Amino acid sequence: LVSGAAIRFSGQLAVFDPRVPQSPCYACLYPPGDGADEALSCAESGVISPLVGVIGAFQALEAVKIASRVGRVHQGLSTFDALSGRWRHFQVPRDPACPVCGKPAV
């Protein structure tokens, strides 16, 4: 899953690859029922349209790298501040208690 998001002047990019043992899944980062679905929409908060293009272009680039097995695939979560033009990178560990990809209870 190549995930992207944009709101106001902030964007996010993450790749969730179950083929990589240490890679978290989407639910490790955004657990079900964490209230994220209650956040304001783009229509309510606004989004600067070129930011959607920037994030979408990076999503497409990651998808091409995955499909072609060329280059180093993005790991973790990255946020983009469109006002400063800076990326921040965060390592997101797999959650062993994750209800989706964690080890099943015995």
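Mind listing just one residue for me: the one in segment 85-106 that is basic (Lys, Arg) and touching a Pro at 6+ places or on another chain (Cβ under 8 Å) and, of those, modelled with the highest pLDDT?
Pass one, segment 85-106, residues basic (Lys, Arg): 86, 88, 94, 103.
From the residues that got through so far, the ones that are touching a Pro at 6+ places or on another chain (Cβ under 8 Å) too are 94, 103.
Values: Arg94: 91, Lys103: 73.
Looking at residues that are basic (Lys, Arg) and touching a Pro at 6+ places or on another chain (Cβ under 8 Å), I get Arg94.
Considering segment 70-89, the residues that are among the charged types (D, E, K, R) and closer than 20 Å to Pro24 by Cα include one that is surrounded by the fewest Cβ atoms within 10 Å (Cβ to Cβ), namely Arg72.
So which helices (runs of 4 or more DSSP H) stay within segment 1-96 end to end and still have 2 or more residues that are in contact with a Phe, Trp or Tyr (Cβ under 8 Å, 6 or more places away or on another chain) and among the β-branched types (Val, Ile, Thr)?
Details: elements: 26-29, 42-45, 49-68.
Counting at least 2 such residues, we get 49-68.
Across segment 31-55, the qualifying residues are those that are under 20 Å from Gly76 (Cα atoms) and surrounded by fewer than 15 Cβ atoms within 10 Å (Cβ to Cβ), and the one among them that is modelled with the lowest pLDDT is Ala36.
The values are calculated or read from the model by the stated rules, or taken from the named source; none is laboratory data. Quick caveat: nothing in here was measured; it's all calculated off a predicted structure. FYI the Cβ positions are ideal-geometry reconstructions off the backbone, even for glycines, and counts take in every protein chain you see.
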